[in-house]
Amino acid sequence: MTEPLRIGIAGLGTVGAGVVKIVRQKANLLAARAGRPVAITAVSARTRDKDRGVSLNDYTWEDDPVALARRDDIDVFVELMGGSDGPAKAATEAAIATGKDVVTANKAMLAHHGQALAEAAEDAGRVLRFEAAVAGGIPVVKALTEGLAGNDVTRVMGVMNGTCNYILTRMQSAGLPYEAVFDEANSLGFLEADPTLDVGGIDAGHKLALLASVAFGTRVDFGSVELEGIEQITIADIRHAADMGFRIKLLGVSQMTGRGLEQRMSPCLVPENSPLGQLEGGTNMCVLEGDMVEQVVLRGPGAGEGPTASAVMADVIDIARGTRLSTFGQSAATLSHARPAKAATPAPFYLRMALDDKPGALAKVATVLGEAGISIDRMRQYRHDDSTAPVLIVTHKTTRNALDSALAAMSRLDVVDGTPVALRIETV
Ligand code: HSE
């Protein structure tokens, strides 16, 4: 019989346990698809005595993930610990240095060290794969690396943090404020240990930086992702946006422009009847656009045991089959340094502000916008009982720079109460 592919798994949380279950329960299917059996040799986690819903008795236990990575009886090191540095990175480096292929779900590690790790793997003749790191069960890395390999990718977009999409859609459906839904998401166990990773857009920003690298053949540049979270989104914004036919999504967009690579992860308005607008709850969606294919939309679960383990196994089976793809779709040595283009692409914007209800207030705001070269597309003032009037403005396409200068001028007016909310409207 063909030699089995021997894997060692570091990290036995939800995803790790899911991978163990697939290997145990689908042995025949995996062997048929890979052309050889897939076997777990050794495992490692912080705590040994914990009920994970699956037996680990057949596997050697290692307390130290680096020791696991160095073992002679594994071919593939499966890194499911998480964390950008520390044990995950040390163990990944040890695995590569001792001749193992690596499969990881660790977006933070690759967002910060992806280039160095991919180069190390390449120099050692090993592969480093990360399907599970981006959008959970959606095979988006494979779609870009393989299915769309014949395209010049023009734009990638995605809702890639299920927790944020849950919070935003729940605010809308239940009419609840952000804080209440945040607490609810927390009690349901949706939030990362550090919730800022979710609601601050960082987790989704990591994923976008990885996708951009695969899409555009550029080195991962997480530091250039323009990041904005959802903490400032109010139920009023959600209602007003809905009133105008939009939904608010934490949306990642990356595109190559004449001025360089644009990468932004921020709350955006999208048309309510678009695929992104209709995305509910914790589901993720990736929209891939290429010159030949036009547009491909992938929708699926972005987290959870089964979906994420499914993505890990896709990479493991590739390795078992002998399919040896570069980490970011081409040799790491050939990935280019993209010039970051901050807010390069013009777009319409949604503005919400509280205006003093006195003569000439609206005229002053309109003048400021006009002086910045920004044209108003639609405007609405809501009925109110107090001395400030809620005003919504949808602009025609403008640049973020022009908008920022208008917002700065508005802050100097004596009629605008507080800071206006400004959200980009993304055409999809
Ligand atoms: N916390 C992420 C999400 C899943 O809510 O989508 C892990 O990246």
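The values are calculated or read from the model by the stated rules, or taken from the named source; none is laboratory data. In this text, all values refer to a predicted model and were calculated from it rather than measured experimentally. When we count neighbours, we look across all protein chains shown, and the Cβ atoms used for this are built from the backbone with ideal geometry, even at glycine. Calculation scope for accessible area: heavy atoms of the full protein, side chains included, ligands and nucleic acids excluded. Shrake-Rupley method; radii C 1.70, N 1.55, O 1.52, S 1.80 Å.
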Count of residues meeting criterion [assigned to a loop (DSSP other than H, G, I, E, B) and near the ligand (Cβ under 7 Å from one of its atoms)] in the range 192-211: 1
Of all residues making up the range 1-60, the number that are β-branched (Val, Ile, Thr), assigned to a strand (DSSP E or B) and closer than 22 Å to Glu192 by Cβ: 1
Within the range 380-403, considering residues that are open to solvent by 60 Å² or more (accessible area, probe 1.4 Å) and farther than 18 Å from Arg424 by Cβ, the one nearest to the chain's Cα centre (by Cα): Arg380
Residue match in the range 267-283 (condition: part of a strand (DSSP E or B), over 23 Å from Val394 (Cα atoms) and acidic (Asp, Glu)): no
The range 175-191: number of residues that are near the ligand (Cβ under 10 Å from one of its atoms) and not in a loop (DSSP other than H, G, I, E, B): 1
In the range 132-174, residue nearest to the ligand (Cβ to nearest atom) [restricted to those that are open to solvent by 10 Å² or more (accessible area, probe 1.4 Å) and among the small types (Gly, Ala, Ser)]: Gly162
Residue satisfying condition, being within 10 Å of Val159 (Cα to Cα), open to solvent by less than 10 Å² (accessible area, probe 1.4 Å) and either within 16 Å of the chain's Cα centre (by Cα) or acidic (Asp, Glu) (or both), within set Cys268, Cys286: Cys286
Residues of the range 94-128 classified as over 23 Å from Thr14 (Cα atoms), not small (Gly, Ala, Ser) and not in a helix (DSSP H, G or I), total: 4
Hits in the range 61-93 (condition: part of a helix (DSSP H, G or I) and either open to solvent by 10 Å² or more (accessible area, probe 1.4 Å) or within 26 Å of Ala212 (Cα to Cα) (or both)): Pro65, Val66, Ala67, Arg70, Gly86, Pro87, Ala88, Lys89, Ala90, Ala91, Thr92, Glu93
Of all residues making up the range 95-113, the number that are touching a Leu at 6+ places or on another chain (Cβ under 7 Å) and of a type in the set (Gly, Ala, Ser): 2
Selected residue (criterion: nearest to Gln381 (Cα to Cα)) from residues of the range 198-237 that are of a type in the set (A, V, I, L, M, F, W, C) and surrounded by fewer than 21 Cβ atoms within 10 Å (Cβ to Cβ): Ala236
Among the candidates Val287, Val297, Val293, residue that is touching a Cys at 6+ places or on another chain (Cβ under 9 Å) and more than 24 Å from Thr196 (Cβ to Cβ): Val297
Residue selected from the range 271-281 under the condition under 18 Å from the mean Cα position of the chain (by Cα) and open to solvent by less than 40 Å² (accessible area, probe 1.4 Å), by the criterion nearest to Gly147 (Cα to Cα): Leu276
From Arg424, Arg352, residue being open to solvent by less than 20 Å² (accessible area, probe 1.4 Å) and among the charged types (D, E, K, R): Arg424
Cross-chain or 6+ apart pairs with Cβ under 6 Å, the range 318-345 first and assigned to a loop (DSSP other than H, G, I, E, B), then among the hydroxyl-bearing types (Ser, Thr, Tyr) and open to solvent by 70 Å² or more (accessible area, probe 1.4 Å): none
The one condition in (1) modelled with pLDDT of 95 or more; (2) outside any loop (DSSP other than H, G, I, E, B) that Pro390 fails to fulfil: (1)
